[in-house]
Amino acid sequence: IVKMLLERVDINPNMPSECGETPLSSAAFMGHEQIVKMLLDRNDVNPETTDTYGRTPLASAAYMGYHRIVKMLLDRIGVNPEIAHTYGRIPLSW
């Protein structure tokens, strides 16, 4: 279903939810590796977006202990592991 939605031109893969979570943020937080990979394979997905608490997808994956997703995000060019969330923690401090 995700692949089918991402193939549509009228779908914005960076559209946040009411909590400010993008599809990448949600997938990283829930540990959905295949969805994270699908999203990171796209050029139009911003891996640096933050939710209402200032958490990036990297911070969410690190917090939840999803090490493979953390690695996938760190391997993506342009992902900054030093972005602190609202309460001052950086992703790699988890």
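Throughout, read-outs are computed from the coordinates displayed, never taken from laboratory work. In this text the structure is predicted, and so the values were computed from the model without any measurement. Every residue, glycine as well, gets a Cβ built from its backbone with ideal geometry; the counts of neighbours run over all protein chains shown.
The table below gives the values:
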{"item": "Sequence ranges 39-50, 71-82, 20-31, 4-15, ranked by mean other-Cβ count within 10 angstrom, highest first", "result": "20-31, 39-50, 71-82, 4-15"}
{"item": "The chain: relative contact order as a whole-number percent, Cα under 8 Å and 6+ apart", "result": "24 percent"}
{"item": "Under the Karplus curve 6.51 cos²θ - 1.76 cosθ + 1.60, θ = phi - 60°, whole-Hz ³J(HN,Hα) for the range 61-78, x wherever Gly or Pro sits", "result": "5, 5, 4, 7, x, 8, 5, 5, 5, 4, 4, 4, 5, 5, 6, 6, 4, x"}
{"item": "Under Karplus coefficients 6.51, -1.76 and 1.60, residue-wise ³J(HN,Hα) of the range 14-29 in Hz, glycine/proline x", "result": "10, 5, x, 7, 4, 8, x, 8, 8, x, 5, 4, 5, 5, 5, 5"}
{"item": "Whole-Å semi-axes of the ellipsoid equivalent to the chain (Cα gyration tensor, √5λ, descending)", "result": "21, 14, 11"}
{"item": "Computed [θ] at 222 nm, helices only, for the chain once each DSSP H run of length n ≥ 4 contributes -39500 (n - 2.57)", "result": "-10500 deg cm²/dmol"}
